[in-house]
Amino acid sequence: MKVQKTKPEKNSAQIKSKERVAAHGEVFTAEREVNAMLDLVKQETERIDSRFLEPACGTGNFLVKILERKLDVVKKKYRRSPLDFERNSVLALSSIYGVDILADNAETCRNRLFKIWNKAYKSVCKSDLNEDTQKSAQFILERNIVCGNALSLMKVDENGNDTDCPIVFSEWAFVRGNTMQRKDYTFADLMRIGEGSELAMPSDEGNFLTQYTSDYRRLWQDDKQA
Ligand SMILES: C[S@@+](CC[C@H](N)C(=O)[O-])C[C@H]1O[C@@H](n2cnc3c(N)ncnc32)[C@H](O)[C@@H]1O
């Protein structure tokens, strides 16, 4: 009987160092497993505004695949209308959240997500490209991908130690036309609202900290108004 041999995945892409594995359990999931797991919730990965949070996101192996799937849908639906593509690609990006305790991982994750979004944006919008929208995309990623401790729900310093600042997530939603609303909640409150079983973002209730509304191409101005 012939035994089919499968080629093992290269370990180097999954592990940075033995020390990091020991200290933080840092082993990245291979693409094949990521896709197999995402296929279990395929419909949700293809819904433009379905929200995903990875509490130990590493460099974003799951989140980049989710963004790619969402952007494929946005492209299929809106490739002939740059403005609609722009608006919906921002919505897709804004639905993706991550936390990692290691600052370099959170940074890499943000960069990977931005690169994927920006490539799709450039390929569809070409001459309609708007630098303000690119700044909004970067602003969303700064807020959505947090360097923090998903167990204590606090932000961490450069050594991975808890600070006094709670992790805060923004709920983004289009409220009319091109106006996007941002409501900030502490991670702790979101966990309480979801009764520990799931992350809930209640649109009309809950103890949100602050609320902003602005054109989706100028979200980065929000903090200046605060
Ligand atoms: C097993 S890796 C998984 C990374 C990613 N989810 C993947 O599948 O490729 C675990 C990740 O969790 C992070 N981590 C460990 N403890 C954490 C904590 N308390 N809060 C947030 N992230 C943590 C590590 O830095 C590491 O990147």
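The values are calculated or read from the model by the stated rules, or taken from the named source; none is laboratory data. The model shown is predicted, which means the values in this text are computed figures rather than measured ones. Note that each Cβ is placed from the backbone with ideal geometry, even for glycine, and that neighbours are counted across all protein chains shown. Surface areas here come from the heavy atoms of the whole protein model, side chains and all, with no ligands, DNA or RNA. Shrake-Rupley method; radii C 1.70, N 1.55, O 1.52, S 1.80 Å.
In this structure, is V73 away from the ligand (no atom under 16 Å from the Cβ), among the β-branched types (V, I, T) and in contact (Cβ under 8 Å) with a residue 60 or more places away in the chain? Taking the combined requirement at face value, the residue does not satisfy it.
Of the numbered criteria (1) at pLDDT below 95; (2) in contact with a Cys (Cβ under 8 Å, 6 or more places away or on another chain), the one K2 fails is (2). Applying a threshold of 7 Å to beta carbon distances and a minimum spacing of six or more residues, or different chains, the list of pairs starting in the range 48-61 at a residue that is farther than 20 Å from K75 by Cβ and of a type in the set (S, T, N, Q) and ending at one that is within 8 Å of the ligand (Cβ to nearest atom) and not in a strand (DSSP E or B) reads T59/F28; T59/N105; N61/F28; N61/T29; N61/V34. When every residue of the range 167-176 is checked against the conditions, at least one turns out to be buried (at least 22 other Cβ atoms within 10 Å of the Cβ) and away from the ligand (no atom under 16 Å from the Cβ). Among the numbered conditions (1) within 17 Å of the chain's Cα centre (by Cα); (2) in contact (Cβ under 8 Å) with a residue 24 or more places away in the chain; (3) more than 30 Å from A23 (Cβ to Cβ), the only one that K119 does not meet is (2).
Going by what's in this entry, would L102 be described as open to solvent by less than 20 Å² (accessible area, probe 1.4 Å) and within 11 Å of the ligand (Cβ to nearest atom)? In short, no. In this structure, does R79 turn out to be open to solvent by 50 Å² or more (accessible area, probe 1.4 Å), under 11 Å from the mean Cα position of the chain (by Cα) and either within 24 Å of D184 (Cβ to Cβ) or basic (K, R) (or both)? When the stated conditions are applied, R79 does not pass them. Given the criteria more than 11 Å from the chain's Cα centre (by Cα), of a type in the set (S, T, N, Q) and surrounded by fewer than 19 Cβ atoms within 10 Å (Cβ to Cβ), does N161 qualify? For N161, the condition - more than 11 Å from the chain's Cα centre (by Cα), of a type in the set (S, T, N, Q) and surrounded by fewer than 19 Cβ atoms within 10 Å (Cβ to Cβ) - is met. Here C57 fulfils each of the conditions (1) in contact with a strand residue (DSSP E or B) (Cβ under 7 Å, 6 or more places away or on another chain); (2) away from the ligand (no atom under 11 Å from the Cβ) apart from (2). Summed over the range 82-99, residues that are over 18 Å from the mean Cα position of the chain (by Cα) and open to solvent by 50 Å² or more (accessible area, probe 1.4 Å) total 2. Does L40 qualify as being open to solvent by less than 60 Å² (accessible area, probe 1.4 Å) and more than 10 Å from the ligand (Cβ to nearest atom)? Taking the combined requirement at face value, the residue does not satisfy it. Of the residues making up the range 108-153, those that are within 12 Å of the ligand (Cβ to nearest atom) and either more than 18 Å from V168 (Cα to Cα) or assigned to a helix (DSSP H, G or I) (or both) are T108, C109, R112.
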